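Asks: This is the structure, below, for whatever I ask next.
The values are calculated or read from the model by the stated rules, or taken from the named source; none is laboratory data. Values in this document were obtained by computation on a predicted structure and should not be read as measured data. Positions of Cβ are backbone-derived with ideal geometry, glycine not excepted, and every protein chain shown enters the neighbour counts.
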């Protein structure tokens with residue numbers, strides 16, 4: 001076994017007692033607080049655009065003086081130097097209104113600009129762009145920020161009510177707890193939000209992941225017709241939020257195009273569209289949380305096996321792109337990942353080329369390579385078993401987890417020298433299922449280096465957990 005893997009798992013990396021959690025809570029500011037919040041957003045936007053305009057001129061000059069084929073070198077300094085210049089700029093007579101708000105608004109905006117330039121020069125992002133008015137407006141404070149049971153305290157403003165009370169656990173006898181930083185933002189509908197991170201104690205469902213049985217493994221197949229299907233037979237419906245709102249969106253957007261620019265009616269129509277998009281997003285988030293919480297907290301598995309989906313590649317089929325994006329695969333995978341991590345549940349992603357829908361989950365000896373999207377059911381010609389397409393895929397994903405944990409074997413139990421297959425459902429006293437050595441799923445796993453390395457890693461992890469017990 002690898003020494004690095006041994007150190008990784010012997011250090012207790014799979015015991016998560018304290019986690020860094022992120023929260024985004026809606027605010028209920030008073031009428032007097034909203035103008036101050038708007039002013040703080042304006043200061044952050046001004047600081048970002050002010051320095052970016054100066055740096056764009058310096059960058060264009062350096063670009064002209066650089067010979068073709070050479071890397072452009074332009075020294076901008078550090079955000080600390082920019083903040084000193086910003087303090088002088090704020091003292092100008094026409095900029096006195098900027099000094100009325102917290103210094104963190106401009107300071108954090110300049111740090112964001114520095115990070116944007118770093119990503120640009122590393123080739124990780126495009127050239128920094130100017131921040132527009134009334135588009136993704138926000139500001140961040142990194143000092144004197146506190147969170148209470150029903151309020152958040154921001155510099156300059158003070159306490160702002162939270163729409164969701166008791167969302168953050170506050171110790172008994174304590175009115176508020178400090179935060180390292182908090183970001184206040186406003187969406188297109190005019191709702192204000194605060195987002196922050198804090199440390200919280202998480203008690204995992206399982207302290208170790210040893211002694212896994214077949215009942216502790218759940219396979220999950222994602223789909224468009226049904227959002228998710230588990231190997232336990234649970235089916236989660238797809239809300240299809242965008243498809244249902246498509247006609248109304250089309251009508252609202254057509255009306256928006258007819259409105260005169262900068263008119264009040266155009267602003268009202270924009271808010272209608274924003275509220276409709278917000279409903280679609282909220283429906284997707286709600287379903288993703290319900291599905292992942294059911295899998296983690298109700299089923300309580302020790303291992304979850306999902307598909308390694310790549311939505312960016314799947315959306316190249318323009319006939320299905322809208323439905324695939326509406327299905328929200330990426331968000332569900334992210335939610336499932338952190339909830340499994342919090343509860344010490346192994347989340348396994350099956351290989352990208354593992355055709356879980358095409359293999360027969362009953363005998364494993366047949367692969368229906370001509371399976372089309374419209375074929376929701378098919379019959380295995382070898383064993384005659386009738387398969388539901390999605391449930392069959394979930395069963396095959398569970399089989400991958402069984403193979404990783406060595407709960408399937410091709411060994412003969414009849415005492416003969418030749419390897420002979422028993423029935424696929426036959427199990428020994430140790431709970432190991434004996435399958436046909438001609439099983440095409442096993443042939444696929446044993447030829448994939450990714451599968452073999454993952455199996456070696458999981459075997460080592462279980463060995464260390466059993467030894468610690």
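Asks: Can you tell me which residue within region 156-190, out of those that are out of contact with any strand residue (DSSP E or B) (no Cβ under 6 Å at 6 or more places or on another chain) and under 26 Å from residue 266 (Cα atoms), is surrounded by the fewest Cβ atoms within 10 Å (Cβ to Cβ)?
Replies: Step by step, filter region 156-190, then rank; the result is 190.
Asks: Kindly check whether there is at least one residue in region 22-41 that is more than 30 Å from residue 342 (Cβ to Cβ), assigned to a loop (DSSP other than H, G, I, E, B) and in contact with a strand residue (DSSP E or B) (Cβ under 7 Å, 6 or more places away or on another chain).
Replies: Yes; the residues of region 22-41 include at least one that is more than 30 Å from residue 342 (Cβ to Cβ), assigned to a loop (DSSP other than H, G, I, E, B) and in contact with a strand residue (DSSP E or B) (Cβ under 7 Å, 6 or more places away or on another chain).
Asks: Tally time: how many residues in region 130-184 are under 26 Å from the mean Cα position of the chain (by Cα), touching a residue at least 24 places away in the same chain (Cβ under 8 Å) and in a loop (DSSP other than H, G, I, E, B)?
Replies: 11
Asks: In region 368-405, what residues are surrounded by fewer than 16 Cβ atoms within 10 Å (Cβ to Cβ) and in contact with a helix residue (DSSP H, G or I) (Cβ under 6 Å, 6 or more places away or on another chain)?
Replies: Within region 368-405, 376 is the sole residue that qualifies.
Asks: So which of 44, 53 ends up being at pLDDT 90 or above, in the same structural domain as residue 75 (by TED's automatic domain parsing) and surrounded by fewer than 18 Cβ atoms within 10 Å (Cβ to Cβ)?
Replies: Being at pLDDT 90 or above, in the same structural domain as residue 75 (by TED's automatic domain parsing) and surrounded by fewer than 18 Cβ atoms within 10 Å (Cβ to Cβ) holds for just one of 44, 53, which is 53.
Asks: Of all the residues that make up region 119-128, how many are assigned to a loop (DSSP other than H, G, I, E, B) and surrounded by 10 or more Cβ atoms within 10 Å (Cβ to Cβ)?
Replies: The first filter runs over region 119-128 and keeps only residues assigned to a loop (DSSP other than H, G, I, E, B), leaving 122-128.
Okay, now just the ones that are also surrounded by 10 or more Cβ atoms within 10 Å (Cβ to Cβ), so 125, 127-128.
The total comes to 3.
Asks: If I go through region 325-358 residue by residue, how many of them are crowded, with 17+ Cβ neighbours inside 10 Å and more than 29 Å from residue 461 (Cα to Cα)?
Replies: Going through region 325-358 one residue at a time, the tally reaches 5.
Asks: Sticking with this one: In region 238-273, how many are touching a residue at least 40 places away in the same chain (Cβ under 8 Å) and either surrounded by fewer than 16 Cβ atoms within 10 Å (Cβ to Cβ) or touching a strand residue (DSSP E or B) at 6+ places or on another chain (Cβ under 8 Å) (or both)?
Replies: 4
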